[in-house]
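Engineer: Below you'll find the structure I mean.
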């Protein structure tokens, strides 16, 4: 037996087919595990990240929102979630979360009916209080405190 050869006839300095296939299958397996693991990680980690972002934001200043005409609404971001600012016909202001409490769809203000509607499953909310009026939503929308000043509207946690 040649001193350079090891058991099985493999030499020390060369890569055999068996070693090459083993390394290749290990790399493919690691890539497959990463491709499956990343979405699972994002799914499990995102609620904690969203909660941290949401908790970090205490108030939002909306420049020139005081110019919003009576009877209309605007969407804005409160932290990482959409929210509604509604200027009612009588001059009062309301701000509510724009996330449906049923399955998390984004709700819209319907000016003609003076209500908030979720188009996903037909949920309806009161535009002044956020109370769920009909449809599948189990809870009311989260309300925010509104302070109107010259040139801006400040929306903060209630």
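Engineer: Taking Cα centroids, how far is segment 34-101 from segment 102-120 in Å?
Structural biologist: Computed from Cα coordinates, the inter-centre distance equals 14 Å.
Engineer: Still on this structure, please answer the following. Angle, helix 17-56 long axis vs. longest principal axis of the chain, Cα atoms, 0 to 90°, nearest 10?
Structural biologist: Relative to the chain, helix 17-56 is tipped by roughly 20 degrees.
Engineer: For the chain, what is the calculated [θ] at 222 nm in deg cm²/dmol (nearest 500), taking -39500 (n - 2.57) for each run of four or more DSSP H residues and dividing by its residue count?
Structural biologist: Values: 1 runs with 40 residues, N = 158.
It lands at -9500 deg cm²/dmol.
Engineer: Considering the chain as a Gaussian network with a 10 Å cut-off on Cα pairs, which listed residue, 19, 61, 129, attains the greatest mean-square fluctuation?
Structural biologist: Of 19, 61, 129, the Gaussian network model singles out 19 as fluctuating most.
Engineer: Suppose a student asked you for the relative contact order of segment 55-133, using Cα pairs under 8 Å spaced at least 6 residues apart; what percent would you report?
Structural biologist: On the way: 121 pairs, mean separation 13.6, N = 79.
Relative contact order comes out at 17 percent.
Engineer: Something else: One-quarter of the Cα convex hull surface for the chain, in nm²?
Structural biologist: Numbers: hull surface 63.9 nm².
Averaged projected hull area, Cα only: 16.0 nm².
Engineer: Just rank 78, 20, fewest to most, by other beta-carbon atoms within 10 angstrom. All intermediate terms of the calculation are to be shown ahead of the outcome.
Structural biologist: Values: 78 24, 20 10.
Going from least to most buried by this count: 20, 78.
Engineer: Once you keep just the Cα pairs under 8 angstrom separated by 6 or more residues, what percentage relative contact order results for the chain?
Structural biologist: Details: 243 pairs, mean separation 27.7, N = 158.
Answer for the chain is 18 percent.
Engineer: Let me ask something else about it. Using a Förster radius of 35 Å, what is the FRET efficiency between residue 67 and residue 46 based on their Cβ-Cβ separation? Nearest 0.05, please.
Structural biologist: Working: r = 36 Å, r/R0 = 1.02.
Efficiency, from the Cβ-Cβ distance: 0.45.
Engineer: With springs only between Cα atoms under 10 Å apart, run a GNM on the chain and tell me which of 74, 133, 15 wobbles the most.
Structural biologist: 15
Engineer: Extending each Cα 7 Å along its Cβ direction at residue 103 and residue 134, get the distance between those two points in nm, one decimal.
Structural biologist: 2.0
Engineer: At R0 = 41 Å, how high is the FRET efficiency between residue 149 and residue 32 if r is their beta carbon distance? Nearest 0.05 is fine.
Structural biologist: Working: r = 56 Å, r/R0 = 1.37.
Step by step, r from the Cβ atoms, then E = 0.15.
Engineer: Sort 116, 86, 40 by Cβ crowding within 10 Å, fewest neighbours at the top. The partial results should precede the final answer.
Structural biologist: Numbers: 116 27, 86 21, 40 9.
Ordered from fewest to most neighbouring Cβ atoms within 10 Å, 116, 86, 40 come out as 40, 86, 116.
Engineer: Along Cα→Cβ, 7 Å out, is where each label goes; now give me the distance between the ones at residue 111 and residue 21 in nm to one decimal.
Structural biologist: In this crude label model, residue 111 to residue 21 measures out at 7.0 nm.
Values in this text are rule-based calculations from the coordinates and carry no lab data. The model shown is predicted, which means the values in this text are computed figures rather than measured ones. A quick note on method: Cβ atoms are made from the backbone with ideal geometry, for glycine too, and the neighbour counts reach across all protein chains shown.
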